[in-house]
1. Taking the stated definitions as given, is Ile317 touching a residue at least 60 places away in the same chain (Cβ under 8 Å), part of a strand (DSSP E or B), in contact with a strand residue (DSSP E or B) (Cβ under 9 Å, 6 or more places away or on another chain) and not hydroxyl-bearing (Ser, Thr, Tyr)?
2. Starting from residues that are in contact (Cβ under 8 Å) with a residue 40 or more places away in the chain and of a type in the set (A, V, I, L, M), keep the ones in the stretch 228-248 and report whichever is surrounded by the fewest Cβ atoms within 10 Å (Cβ to Cβ).
3. Go through (1) in contact with an Asp or Glu (Cβ under 7 Å, 6 or more places away or on another chain); (2) in contact (Cβ under 8 Å) with a residue 40 or more places away in the chain; (3) exposed (fewer than 15 other Cβ atoms within 10 Å of the Cβ) and name the single condition Cys292 misses.
4. Across the stretch 152-195, what is the number of residues that are among the basic types (Lys, Arg) and under 15 Å from Cys264 (Cβ atoms)?
5. Which condition number does Ala190 fail, the rest of (1) surrounded by fewer than 21 Cβ atoms within 10 Å (Cβ to Cβ); (2) assigned by TED's automatic domain parsing to the domain that holds Trp220; (3) under 30 Å from Ala334 (Cβ atoms) being met?
6. Of all residues in the stretch 259-276, which are modelled with pLDDT under 95 and in contact with a strand residue (DSSP E or B) (Cβ under 6 Å, 6 or more places away or on another chain)?
7. Could you grab me the full set of residues in the stretch 202-227 that are exposed (fewer than 13 other Cβ atoms within 10 Å of the Cβ) and modelled with pLDDT under 95?
8. Looking only at residues in the stretch 228-263 that are of a type in the set (Phe, Trp, Tyr) and not in a helix (DSSP H, G or I), which one is farthest from Met145 (Cα to Cα)?
Amino acid sequence: MKILCFIDLLGSGGAQRQIVNLAVEFKKKGDDVRFIVYHPDKFYKSKLAENNIEVELIREANAIVRILKIRKYIRNGSFDVVISFLETPNLIAEIAGLPVKKWRLLVGERSSNPKILTSFKSKFLRYMHLFADAIITNSETNLAMIKKINPFLSEKKCHTIYNMVDLEIWRPSDNYKVRKNGKTNIIIVASHQYLKNSRNLIEALNLLSAVEKSLLLIKWFGGPSPDNSYCDSKELISHYKLNHIIEFLPPMMNIADEMADADCCALFSFYEGLPNTICEGMTLGKPIIATCVSDLPRIIDEGLGGYLCDTGSPESIAACIRKILFTSNEQLIAMGKYNRAKAVSLFNKEEIVNSYLRILQNA
């Protein structure tokens, strides 16, 4: 098949990681795969280049002209399949198919933002899915929201496929030592934006006792902030004198090594699609602390694989951190093994790629 993958940019986001990994797997299976983007971020471009996947960048400041250029590229490309991820690329791909198209169009929904239930714009974008051949969400929560907005979508068009994880790359490290520095080492992999909830995390850290603080170290790896959350968080950390507890670091391509070295993976977002960092943390055999968003309550078994907290409550977040701090080394390892076993069944790369292929062939 000749497949076009379409997203806004190749930045370090979770949706970008998933569509790039999907493209690489299609390429390995012998398909002709190409990419189109309209913003110049190059975080994942090297990975595509390593796999001989061409990237077409359409840079155009005027939004209408940009849509027309992308539409022309898609319609003239003789593609068998177009796969788009995220709201705006999905809309453009659907417009490109009007009035008729010769390719199959799969649109990927990646967010469970509750605002899509009330926003006129968001509702309109989901009604445009009537022009797609398949809609794939990465959580049952998101799929339920899409169906609620657009009850005219046929059941056979709608699918949930969890994020893929390479079980060989994301595997427990033989060199891992629990609390090697005498502290519980928590890792967060998330971009810096208000929806990732850094403020309530910092407020939670401030609620911990001096003894609890001395037992904790958090590393947050994340890309540039599209809002003021990074600066606000740094200021609040300084105000509470928490610099020795939480550290902000830039994103890394080999983040698996850092995560494998940690004692626990965490995420405190207000909403998510299905966060890669949690899927990957589980696959690495790590206990999880997370807020009750998206399908995480379905995936994280309380007390067995981790702890769930309330997004808007620093007290709830602090309580989960305390639980991890006073979980024994043996129990931390047991929780990690439990998550690894569950992740192998939920996020298996081969199974997920085959699920996409079955949908593409039957769409």
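The values are calculated or read from the model by the stated rules, or taken from the named source; none is laboratory data. Predicted, not measured: the structure shown is a model, and the values here were computed from it. In this analysis, Cβ positions are derived from the backbone assuming ideal geometry, glycine residues included, and neighbour counts consider all displayed protein chains.
1. Answer is no for this residue.
2. Here the residue is Leu242.
3. (2)
4. Here the count works out to 4.
5. Ala190 satisfies every listed condition except (1).
6. Within the stretch 259-276, just Pro275 meets the criteria.
7. Answer for the stretch 202-227, where residues must be exposed (fewer than 13 other Cβ atoms within 10 Å of the Cβ) and modelled with pLDDT under 95: Pro226, Asp227.
8. Among those that are of a type in the set (Phe, Trp, Tyr) and not in a helix (DSSP H, G or I), it is Tyr240.
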